[in-house]
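The values are calculated or read from the model by the stated rules, or taken from the named source; none is laboratory data. What you are looking at is a predicted structure, and each value in this text was computed from that prediction instead of being measured. Heads up, the Cβs are rebuilt from the backbone with ideal geometry, glycines too, and the neighbour counts pull from every protein chain shown. Side chains included, ligands, DNA and RNA excluded: accessible areas come from the protein's heavy atoms. Shrake-Rupley method; radii C 1.70, N 1.55, O 1.52, S 1.80 Å.
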Amino acid sequence: MRTKSLFLSIVTALAFVQLAQAADVTVKISDVHLCCPSCVKGVTNAVKGIDGISASADKETRIVEITGPDTATVQKAADALTKAGYFGVCSDAGIKLDASTGAKGDTVQSLKVEGVHLCCPKCVKAVNLALKDVPGVTTNDAVKNAPFFIVTGNFKDADVFAALQKIGLTGKVAP
């Protein structure tokens, strides 16, 4: 009887281990800038080379869904997404979107911003509208597919990135 009980305990434990290993991790990132099919394609391209990851982006709902075999792999995909210039709000507190931009909260007259996703005129328009509301910003020269753009005026550098992240985009201070 004791051997049978031990055997059943081992089989049950192995079944739970197998179930735990089979469970994928899925997160939804909402409020991502997805204005066109190229934005959607940019999301899938950003995570393309990460083993075990699948991603989908819904232009209408502005939600990116990432599924992977474990939290560490899904985190890699989230990091790739922000590196590609996208930002949003993650449904899983264990997955962190990298909000670091290199901005120090200093008042500046010029700021070179790189890495913002700018695939089409709608992306550029979204950046222009977001930056228009940043106190002290007077101009920017963002254009389609630009690797960087310059923001000018008399403003706090961190405010530029806060405005971009609010609309589902992000970037970094360029050297």
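Some observations on this one:
- Kirkwood Rh and Cα Rg combined as Rg/Rh, the stretch 43-96: 0.91
- Residues in the stretch 88-110 that a label on residue 61 would reach, taking backbone N under 15 Å of a point 7 Å out along Cα→Cβ: 89-92
- The stretch between residue 107 and residue 120 holds 1.7 nm of extra length on full extension. This uses 0.36 nm per residue minus the Cα-Cα distance.
- In Hz, Karplus ³J(HN,Hα) per residue of the stretch 65-72 (6.51, -1.76, 1.60; θ = phi - 60°; x = Gly, Pro): 10, 10, 10, x, x, 7, 4, 4
- Computed per residue of the chain from DSSP H runs no shorter than four, each worth -39500 (n - 2.57), the mean residue ellipticity at 222 nm is -12000 deg cm²/dmol.
- Probe 1.4 Å, accessible area per residue of the chain, Å²: 56 Å²
- Computed over the Cα atoms of the chain, the ratio of the radius of gyration to the Kirkwood radius (Rg/Rh) comes to 1.19.
- FRET efficiency estimate (nearest 0.05) - Cβ-Cβ, residue 99 to residue 26, R0 25 angstrom: 0.70
- Derived scalar couplings ³J(HN,Hα) [the stretch 145-153; Karplus, 6.51 cos²θ - 1.76 cosθ + 1.60; whole Hz; x for Gly, Pro]: 6, 5, x, 7, 8, 10, 10, 10, x
- Within the straight-line cut-off of under 13 Å between alpha carbons, the aspartates and glutamates reachable from residue 112 are 141, 157, sequence neighbours fewer than 8 places apart in one chain being disregarded.
- Exceeding the 30 Å Cα-Cα cut-off - candidates 59/172; 48/166; 48/156: 48/156
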